1. Looking at LEU90, is it more than 16 Å from the chain's Cα centre (by Cα) and more than 24 Å from VAL3 (Cβ to Cβ)?
2. For segment 45-91, which residues satisfy the criterion of being in contact with a helix residue (DSSP H, G or I) (Cβ under 8 Å, 6 or more places away or on another chain), of a type outside the set (Phe, Trp, Tyr) and closer than 15 Å to GLY33 by Cβ?
3. Would it be correct to say that ASP13 is under 19 Å from GLU58 (Cα atoms) and not aliphatic (A, V, I, L, M)?
4. Need pairs with beta-carbon distance below 9 Å; first residue closer than 20 Å to ASP13 by Cβ and without any contact (Cβ under 8 Å) to a residue 24 or more places away in the chain and within segment 28-46, second of a type in the set (Phe, Trp, Tyr) and part of a strand (DSSP E or B); sequence gap 6+ or separate chains.
Amino acid sequence: MRVKKIAVVLRKDGFFHYDGRLIKAIYPNEGYGVMIFLESSPIDTDFEVSVWVPTAQELQLILEALDESDKLTYELLGHGWNGKRPFWKLEDFI
C-alpha cells in the first residue's frame, strides 16, 4: 500500500464531512480525525496481503495531522478530553 492522502476530517452530527460528502460515522462524538487514504502497490501482490511500509516523512506528517486534529477538535468542543489521546490546554485548569 502507498499513502495516497493524509486528511484531517470533521465528524459532526453523526457524519464525516469529506470532499463535499456526508459519510455515516459509527462513533457518536464530534471532532476531527486523521484519515490515511491508501492505494495498492506491487508489494501487496508480493506478500499476498495489504502491506504498508511507512517512511519517516509519512509518519511525521501523520503526527502533525494528529496534532492539528486535536487543536481543531478543541476549538469545536470548547474543552479538552481524556482517552487514548488526551488533550488539554493550561487554561482549562486555571
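What follows is calculated from the coordinates using simple rules that are stated; it is not laboratory data. Everything numeric here is computed off the predicted structure, so don't read it as measured data. No Cβ is skipped: glycine too gets one built from the backbone with ideal geometry, and neighbour counts run over all protein chains shown.
1. yes
2. Of everything in segment 45-91, just one residue is in contact with a helix residue (DSSP H, G or I) (Cβ under 8 Å, 6 or more places away or on another chain), of a type outside the set (Phe, Trp, Tyr) and closer than 15 Å to GLY33 by Cβ, namely ARG85.
3. It is false that ASP13 is under 19 Å from GLU58 (Cα atoms) and not aliphatic (A, V, I, L, M).
4. Pairs that qualify, where the first residue is closer than 20 Å to ASP13 by Cβ and without any contact (Cβ under 8 Å) to a residue 24 or more places away in the chain and the partner is of a type in the set (Phe, Trp, Tyr) and part of a strand (DSSP E or B), are ASN29/TRP81.
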